[in-house]
Amino acid sequence: MKPILAPLSGLLLAFGLAAQAEPSLPARVATPSTPGASAQILPDFADLVEKYGPAVVNINTQTRAQRPQLPNGLSEDDPFYEFFKKFMPPEQQVPPQRRGRPGQGPQDTPPRGPLRPFGLGSGFIVSPDGFIVTNAHVVEGAEEITVRLNDKREFKAKVIGADNRSDVAVIKVESSSPLPTMRIGDMSKVRVGEWVVAIGSPFGFANTVTAGIISAKSRENLTQDPNLDAVPFIQTDVAVNPGNSGGPLLNMRGEVIGINSQIYSRTGAFAGISFAIPIDYAFNVAEQIIKTGHVTRGRIGVGIQTVSRDVAESLGLPKAEGAVIGNVEPESPAAKAGLEVGDVIMKIDGRAVDGSADLSRTIRAVHPGAKVNLTVWRNGKMRDVPVTIAEFKDEETQKVADNSKAGKDLARTDKLGLAVRELTGDEKKLLKLASGVVVEASDGAAAANNVDVGVVILRVNNTEITSVKAFKETVAKLDPGKPVSLLVKDENGQRFITFRPEVG
């Protein structure tokens, strides 16, 4: 089986860098079993987990799946559904097209079912007032999010923003008391070989702690997805699995240095290699989402790649370092500044460039309009080139703070999970009706009880429905704890449908 890179989504401020680094938590000395052997210093993670573990949360998401039906009308919830499905060809195992109903064409989608478990993930609290950082893929498509702390408290969360380019999201819970928070680490002090700890909810086992070391930094090109930023991932051998997504990677000072995001595996489960998004990159995105509700990125308009040994040798560089420019976009900030193909960008504002992903991440973190100084290698000499940063734009930036918006709007149409419209004059003539409203969207309990799109509602309980206004006023007065009875009409005739609306 080909190795795969898998996001760790579930299967089924006190913002800013820490001002003062705390001393590392205690280690223990292992007594040598052989006389004369040297003692070994082993890390002790217990104090770290006890102190910072309460700020790690378990995230459960729910969504509403579309309800497939067999041609004979059996829904997937029917006990005979699986039995009959085996005898149907694949093309007939999709929801049948509904024709002849007012307001619905043959390509309309079927009604969606009630909320069901959708995914599992992790996150960590970054401010006492309830802002939580996690992965975008953890909350993507979620219509209801439940956050559980390790003291068993549960909160409903809302998505503040989900940025798919970085796979970083921010959600928010409301608490009557301040919540425990994580401290943000300094990536410039992270070293390969140091001990790190992951806390999360693999396979739903909340508050699971695993440990290992940093295997490498600035791992690039993990995927070929053009919609993702070139993130310089932290590689570790910490055991992470589906459900760990969005959880923190901690150093021995209890500081978050990364967000666990992906694994490299032949099976989809942990195989010794995992990747985390560096916290400086992730937190730049998270802070923008919290402050402005969207993410702004910088660009200079160049195509770059990491300098290999062969490239360095061909350009006369003493060693392989920096990022070489492969193309310069016309009229871009780079072109206006005089950058050329073949230039090697060695430093940005005096800081060494570790590779193309490092340069890309740094540039995109700069606010458009700001100036940076690039130190480049050209024709055997170093030179400084000032560049004014422009704004990076693409379709993905428009998705920030819009995660699952359509689903939420549909789920909250009204108490019954319905959206309706007026009957047209032609529809009244065709159906021989004087009044009623047509269902435009059906969700939750209404959809589960076959109040489908295109059905005409004539009465709600004993109240005749003469208009959309009358429908809304009647629904608003319903007792949420009691069942509702709808008199409906469709191609099957006129009948009552009774169900108990979802509460909440």
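Hey, can you tell me all the residues within the stretch 480-504 that are over 38 Å from the mean Cα position of the chain (by Cα), part of a strand (DSSP E or B) and not β-branched (Val, Ile, Thr)?
The answer is Ser485, Leu486, Leu487, Lys489, Asp490, Gly493, Gln494, Arg495, Phe496.
Restricting the search to the stretch 332-351, which residues are under 12 Å from Ile300 (Cβ atoms) and among the acidic types (Asp, Glu)?
Residue satisfying the conditions is Asp343 alone.
Of all residues being out of contact with any Lys or Arg (no Cβ under 8 Å at 6 or more places or on another chain) and at positive phi in the stretch 336-388, which is surrounded by the most Cβ atoms within 10 Å (Cβ to Cβ)? Just the residue, please.
The extreme case among them is Gly355.
Filter the stretch 292-323 down to the residues that are under 32 Å from the mean Cα position of the chain (by Cα), surrounded by 13 or more Cβ atoms within 10 Å (Cβ to Cβ) and not in a loop (DSSP other than H, G, I, E, B) and list them by number.
Hits for the stretch 292-323 are Arg297, Gly298, Arg299, Val302, Gly303, Ile304, Gln305, Thr306, Ala323.
Here is a list of conditions, (1) at pLDDT 95 or above; (2) surrounded by fewer than 17 Cβ atoms within 10 Å (Cβ to Cβ), and Lys152 meets all of them except one; can you say which number that is?
(1)
Any residue in the stretch 354-368 that is at pLDDT below 85 sitting within a Cβ distance under 7 Å of a residue that is in a helix (DSSP H, G or I) and surrounded by fewer than 22 Cβ atoms within 10 Å (Cβ to Cβ)? List the pairs, counting only those 6 or more apart or interchain.
Qualifying pairs under 7 Å: Ala365/Asn284.
Between a first residue in the stretch 302-324 that is within 30 Å of Phe392 (Cα to Cα) and among the small types (Gly, Ala, Ser) and a second residue that is at pLDDT below 85 and open to solvent by 60 Å² or more (accessible area, probe 1.4 Å), which pairs have beta carbons less than 7 Å apart while being 6 or more apart in sequence or on different chains?
Listed by first residue and then by second, the contacts come to Gly303/Asn327; Ala320/Arg309; Ala323/Gln305.
Out of Val209, Val173, report the one residue that is under 23 Å from Glu255 (Cβ atoms) and surrounded by fewer than 18 Cβ atoms within 10 Å (Cβ to Cβ).
Result: Val209 is the single residue among Val209, Val173 that is under 23 Å from Glu255 (Cβ atoms) and surrounded by fewer than 18 Cβ atoms within 10 Å (Cβ to Cβ).
For the stretch 405-454, give me each residue that is modelled with pLDDT of 85 or more, of a type in the set (A, V, I, L, M) and open to solvent by 40 Å² or more (accessible area, probe 1.4 Å).
Once the filter is applied, which keeps residues that are modelled with pLDDT of 85 or more, of a type in the set (A, V, I, L, M) and open to solvent by 40 Å² or more (accessible area, probe 1.4 Å), the stretch 405-454 yields only Ala434.
Test Ala276 against the criterion of being surrounded by 17 or more Cβ atoms within 10 Å (Cβ to Cβ), touching a Pro at 6+ places or on another chain (Cβ under 9 Å), closer than 16 Å to Val231 by Cβ and of a type in the set (Gly, Ala, Ser), and give yes or no.
Spelling it out, Ala276 is indeed surrounded by 17 or more Cβ atoms within 10 Å (Cβ to Cβ), touching a Pro at 6+ places or on another chain (Cβ under 9 Å), closer than 16 Å to Val231 by Cβ and of a type in the set (Gly, Ala, Ser).
If we scan the stretch 259-266, do we find a residue that is of a type outside the set (S, T, N, Q) and outside any strand (DSSP E or B)?
Yes.
Among the residues of the stretch 459-479, what is the count of those that are assigned to a strand (DSSP E or B) and either among the hydroxyl-bearing types (Ser, Thr, Tyr) or buried (at least 20 other Cβ atoms within 10 Å of the Cβ) (or both)?
Residues meeting the conditions: 2.
The values are calculated or read from the model by the stated rules, or taken from the named source; none is laboratory data. Computed from a predicted structure; not experimentally measured. Cβ atoms come from the backbone with ideal geometry, glycine included; neighbour counts cover every protein chain shown. Accessible surface is based on the protein model in full, side chains and every heavy atom, while ligands, DNA and RNA are left aside. Shrake-Rupley method; radii C 1.70, N 1.55, O 1.52, S 1.80 Å.
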